[in-house]
1. Whether any residue in the stretch 28-48 is modelled with pLDDT under 95 and among the aromatic types (Phe, Trp, Tyr) is what I want to check.
2. Looking only at residues that are part of a helix (DSSP H, G or I) and in contact (Cβ under 8 Å) with a residue 40 or more places away in the chain in the stretch 1-57, which one is nearest to the chain's Cα centre (by Cα)?
3. Please go through the stretch 58-78 and give me each residue that is of a type in the set (Ser, Thr, Tyr) and outside any loop (DSSP other than H, G, I, E, B), ordered by number.
4. Would you check if there is a residue in the stretch 72-85 being exposed (fewer than 12 other Cβ atoms within 10 Å of the Cβ) and in contact with a helix residue (DSSP H, G or I) (Cβ under 6 Å, 6 or more places away or on another chain)?
5. Restricting to the stretch 1-35, count the residues that are at positive phi and either surrounded by 13 or more Cβ atoms within 10 Å (Cβ to Cβ) or touching a Leu at 6+ places or on another chain (Cβ under 9 Å) (or both).
6. Could you list all residues from the stretch 55-85 that are basic (Lys, Arg) and at pLDDT 90 or above?
Amino acid sequence: MNGEPLEETDSFTYLGSTINKHGGTAEDVKARIQKARVAFIMLRKIWRAKQIKTNTKLRIFNSNVKAVLLYGSETWRSTQKTLTF
């Protein structure tokens, strides 16, 4: 581009999703699971708080952890490999 060579990569992250040259979704699913784990751990104080009702905790989980996990999932291919994660 403009006389500069472009670097070729096997995978990259675009808008939070991992894209690879093989078109698979396994890497993206693994990355999303890890990001959801981090989101869950960051809310550790909320999960342990006795003064917060379970219903409120579920709403926080659904809006924060699940949202991180499922972002971009509508583009994932369902394969046997991704179903076993």
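1. no
2. So the residue we want is ARG32.
3. SER63, SER73, THR75
4. Yes, the stretch 72-85 contains a residue that is exposed (fewer than 12 other Cβ atoms within 10 Å of the Cβ) and in contact with a helix residue (DSSP H, G or I) (Cβ under 6 Å, 6 or more places away or on another chain).
5. Looking only at that region, the number is 0.
6. LYS57, ARG59, LYS66
The values are calculated or read from the model by the stated rules, or taken from the named source; none is laboratory data. Owing to the predicted nature of the structure, the values given are computational and were not obtained by experimental measurement. When we count neighbours, we look across all protein chains shown, and the Cβ atoms used for this are built from the backbone with ideal geometry, even at glycine.
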